[in-house]
Amino acid sequence: MSAGSLNAGRRTRELDELAGGERVDLAVIGGGVTGAGIALDAAARGLSVVLIERRDLAFGTSRWSSKLVHGGLRYLAKGDVALAHESAVERGILMTSTAPHLTRALPQIFPLYRNISRGQQAFISAGLHAGDALRRAARTPAWVLPRPRTIPAAEALALAPGLRRPELRGALLSFDGTLIDDARLVVTLARTAASFGARILTRLAATAVHADRVEVTDELTGQRLEIAAGQVINATGVWAGELVPSVRLRPSRGSHLVLSAESTGLGESSVLVPVPGERNRFVFLLPQADGRVYAGLTDEPTEGGIPDVPAAPKSDVDFLLEVTSTVLRRPLTEADVLGTFAGLRPLIEVPGNARSADLSRKHAVLTAGNGVITVVGGKLTTYRRMAADAVDAAVSAAGLRAGPSGTAALPLLGATGRRRLATVEAPARLVAKYGTEAPRVAAIGELDPALAEPLFPGSPITAAEVVWAVRHEGALDVEDVLHRRTRLGLVPADAAAAEPRVHDLVTRALEGVTL
């Protein structure tokens, strides 16, 4: 096993060490992208770290994103140049330095129909070129993210054959970044942190939080213990207020539909669809590598308790179907929906804001009266900056000895230069998910041909990937594999088809049976 391997055996060993009274420099609560990013940042600075997660890595909001690595164009349109620049810089770091293997350039088509005036076209085009200026300022090469341009109708239809042809006079073509899988980014961050010595402990619930200690319960055994730390950081996203009541959030629901490429008629290019009556709001049709297309997203305020797994209400489904159908040759219906998912954005409450869409996406590092540090707000794209700011605050508050953040130049496990990825000797689909670790995943199937077989007919996921998830990625049960390591759970029919084989593989792998 490598230093970056997460599994049940390592979890037991490290939990026993903490139960014996070992003190750490930093305890991070929350196993989403921010918490995993904090664990990596701190461990890379030489601090001793434990990450505490009640469920599983990427269980919450981090797996429900649009998978986009934003360049900050929307923030620029709202006049927030600093946030737009930060987003563009962090996008460039992800795509060129830390995670080239988990990201790719995504062509984005804005179709120009008769209802889009020449003035509107000029306004949107100017915004795209302003976004390209951000790309240049962030020093992201044009060969990674090409410059925007106007294309004729014939080229737009070649890139997105499912577009409605009548009244199409052309399109604006631009490029942004996208993740292969948002949950995989979180798992890779956690594994990279583990390779620097961080303890990554899932199924460990924080029951009481103080500035210098956390009381926890092992959800698997019921064991209770107290973890002493130099500083505690609350990175639980929309649940932050449950641990630190002084943190006031206003969650916003972002819903998505899961469609097939066949039903939408899209290729590899995404399509931006303007929302009627809105000047600067769009619905995205986002093609995925597995032949699915995500349609999203909404931005609706939510009230009441925070559910473990948010649901996309029928009103959101109807809205997304109606808007996306305005540009497609074949209008979409509920029969085309293979699945849905929704996430809750942990937006910071600002008195007087009527719409969640108007709340800032800036992050904040807050210190409660009891000394607990909380980091909230922000976007998935800017997780690294959020993590660095949180660790800086912890180092200052607790008087820890650590240098500045170095994660901007720290490749995650599996990363290498984008051009070198093409030379990795493994199936391209595995390289896109695992980078330079792809040959190790493929080798599991080479040793046992049965493990090279798909989990069910028509599935691209193999049994070897399930074994890898248990041995190296911290998967502890079937749900972890289906919903956070393979994402088969996004389509209920796929999850049901895979479940019997996955159950057998996970059971045998956890019991140490030779596979």
Roughly how tilted is helix 438-447, in degrees to the nearest 10 and between 0 and 90, from the longest Cα axis of the chain? 70
Relative contact order (percent) for the chain, with alpha-carbon contacts under 8 angstrom and 6 or more residues of separation? 21
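Taking the stretch 132-179, how much of its Cα-Cα pair set, in percent, is spaced more than 12 angstrom apart? List each step's numbers first, then the result.
On the way: 751 of 1128 pairs.
Counting every Cα pair in the stretch 132-179, those more than 12 Å apart make up 67 percent.
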Dipole size in debye (nearest 20) for the stretch 424-510 around its Cα centre, Lys and Arg Cβ +1, Asp and Glu Cβ -1? 160
Give the order of 239, 143 when sorted by the count of other beta carbons within 10 angstrom, beginning with the fewest. 143, 239
HN-Hα J couplings of the stretch 88-102 from phi, Karplus 6.51/-1.76/1.60, θ = phi - 60°, integer Hz, Gly and Pro as x? 5, 5, 5, 4, x, 5, 4, 7, 10, 10, 8, 8, x, 6, 9
Proxy exposure order for 483, 472 (fewest C-beta within 10 Å first) is 483, 472
Charge dipole of the chain built from unit charges on the beta carbon (Lys, Arg +1; Asp, Glu -1), centred at mean Cα; most positive-end Cα among 366, 75, 101 is 75
Evaluate E = 1/(1 + (r/R0)^6) for residue 17 and residue 169, where r is the Cβ-Cβ distance and R0 equals 60 Å; express this FRET efficiency to the nearest 0.05. 0.35
At 1.002 mPa s and 20 °C, plugging the Kirkwood radius over alpha-carbon pairs of the stretch 424-510 into Stokes-Einstein gives what diffusion coefficient in µm²/s? 168
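Can you sort 491, 372, 186 from fewest to most other Cβ atoms within 10 Å of each residue's own Cβ?
491, 372, 186
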When 1/r is averaged over all different Cα pairs and the result inverted, which Kirkwood radius in Å belongs to the stretch 247-318? 13.8
Nothing charged except the Cβ atoms of Lys and Arg (+1) and of Asp and Glu (-1): what's the magnitude of the dipole of the chain about its Cα centre? Round to the nearest 20 debye. 1880
Put a dot 7 Å past each Cα toward the Cβ at residue 207 and residue 224; how far apart are the dots in nm? 0.4
What's the tally of Lys pairs in the chain whose alpha-carbon atoms lie under 28 angstrom apart, where the two lysines are 8 or more places apart or on different chains? 10
Which three numbers, in whole Å and largest first, are the semi-axes of the equivalent ellipsoid of the stretch 122-236 derived from its Cα gyration tensor as √(5λ)? 49, 18, 14
Inter-probe distance in nm under a simple model that places probes 7 Å from Cα toward Cβ, at residue 129 and residue 504: 6.1
Rel. contact order, % - alpha carbon contacts under 8 angstrom, at least six apart, the stretch 424-510: 21
Listed residues 237, 183, 168: farthest to the positive end of the dipole of the stretch 167-247 (Cβ charges): 183
Which order do peptides 77-87, 30-40, 92-102 fall in by mean Cβ count within 10 Å, highest first? 30-40, 92-102, 77-87
Using a 7 Å offset from the Cα along the Cα-to-Cβ direction at both residue 322 and residue 425, what is the distance between the two label points in nm, to one decimal? 5.7
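Percent antiparallel among DSSP beta bridges with both residues in the chain, to the nearest 5? Kindly include the intermediate steps, with their values, before the conclusion.
Working: 56 of 73 bridges.
Taking every DSSP beta bridge within the chain, about 75 percent pair in antiparallel fashion.
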What Kirkwood hydrodynamic radius, in Å, does the stretch 183-261 give when the mean of 1/r is taken over all pairs of distinct Cα atoms and then inverted? 15.4
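Roughly speaking, what % of Cα-Cα pairs in the chain are separated by over 46 Å, rounded to a whole number?
So the portion of pairs separated by more than 46 Å is 9 percent.
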Viscosity 1.002 mPa s, 20 °C: Kirkwood-radius Stokes-Einstein D of the stretch 224-285 over Cα pairs, µm²/s: 129
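Working from the pairwise distances between different alpha carbons, so that the mean of 1/r is found and then inverted, what is the stretch 86-183's Kirkwood radius in Å?
Final number for the Kirkwood radius of the stretch 86-183 is 14.5 Å.
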For the stretch 1-102, state the semi-axes of the equivalent ellipsoid (square roots of 5 times the eigenvalues of the alpha-carbon gyration tensor), sorted largest first and rounded to whole angstrom. 32, 15, 14
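All of the numbers you see were taken from the coordinates with simple rules; none came from a lab. All of these numbers come straight from a predicted model, not from anything done at the bench. A quick note on method: Cβ atoms are made from the backbone with ideal geometry, for glycine too, and the neighbour counts reach across all protein chains shown.
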